[in-house]
Amino acid sequence: MPLPADIPDGLVDDLQMAYATPPRAYHGFDHVREVLHQYDVVAAGPGWAQPREVALAILYHDAIYEAGRIDNESRSAALAAEGIARWMSGAGIDIARVVELIELTTRHGTHAPGDFPADAIGDDTRRFLDCDMAILGADADRFDAYDRGIAAEYRGHVPGWLFRINRKRFLKALLGRERIYLSDLFHARLDAQARSNLRRAITTKR
């Protein structure tokens with residue numbers, strides 16, 4: 001997987017265990033691998049101003065995930081701070097930045113490109129958030145598998161009718177935004193496919 005070489009194996013091993021509990025239909029380590037693939041796309045193109053901090057934020061961003069809870073991101077951010085202090089003490093990692101990036105994922109679908117500075121750090125933020133949302137612009141089969149996975153994760157936690165209402169509202173809100181993706185890189189690559197996927201998903205939800 002595309003990781004900076006100095007991220008310790010022990011940290012990754014601990015995270016793989018975290019992502020296995022509870023069992024997840026979408027927000028597992030396979031999702032992390034997919035986001036890391038997007039990380040690599042950026043690294044091979046415009047690059048990252050803070051590659052290690054972004055990589056660590058990706059690794060930890062869904063480490064704690066329980067469907068229906070509103071504190072998953074803050075708990076994942078706290079776990080990141082703890083894990084980095086344990087495994088990478090003295091490595092010069094900006095832990096506060098890692099925590100900031102993870103906590104920003106709480107508000108996916110509400111950010112606008114101008115919410116972040118027009119500098120290299122702002123570019124990192126936009127591209128990091130886009131990496132996590134890249135699944136919206138995946139091919140139809142992979143998007144549909146993602147959509148089913150989210151539904152499976154909420155099953156037993158939220159009544160089905162309520163999940164469908166809230167999910168449809170979220171997807172419609174995304175589709176209604178002027179920009180689904182915050183960075184020009186992801187907007188150019190994925191916007192058209194994302195809108196096609198969202199339209200199809202909305203029409204199938206009753």
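The values are calculated or read from the model by the stated rules, or taken from the named source; none is laboratory data. Worth saying up front: this structure is predicted, and the values here are computed from it rather than measured. In this analysis, Cβ positions are derived from the backbone assuming ideal geometry, glycine residues included, and neighbour counts consider all displayed protein chains.
Inclusion of Asp40 among residues that are touching a residue at least 24 places away in the same chain (Cβ under 8 Å), buried (at least 23 other Cβ atoms within 10 Å of the Cβ) and at negative phi is not warranted.
Each residue in the stretch 150-164 was checked for being modelled with pLDDT of 95 or more and either of a type in the set (Val, Ile, Thr) or in a loop (DSSP other than H, G, I, E, B) (or both), and 1 of them qualify. In the stretch 172-183, the condition of being under 21 Å from Ala43 (Cβ atoms), aromatic (Phe, Trp, Tyr) and either touching a strand residue (DSSP E or B) at 6+ places or on another chain (Cβ under 8 Å) or crowded, with 20+ Cβ neighbours inside 10 Å (or both) is met by at least one residue. Within the stretch 146-159, residues that are free of Cβ contacts under 8 Å to residues at least 60 places away in the same chain and surrounded by 18 or more Cβ atoms within 10 Å (Cβ to Cβ) reach partners that are in a helix (DSSP H, G or I) and among the small types (Gly, Ala, Ser) with beta carbons closer than 6 Å, at six or more positions or on different chains, in the pairs Asp147/Ala201.
Looking across the stretch 160-185, just one residue is in contact (Cβ under 8 Å) with a residue 60 or more places away in the chain and among the aromatic types (Phe, Trp, Tyr), and that is Phe170.
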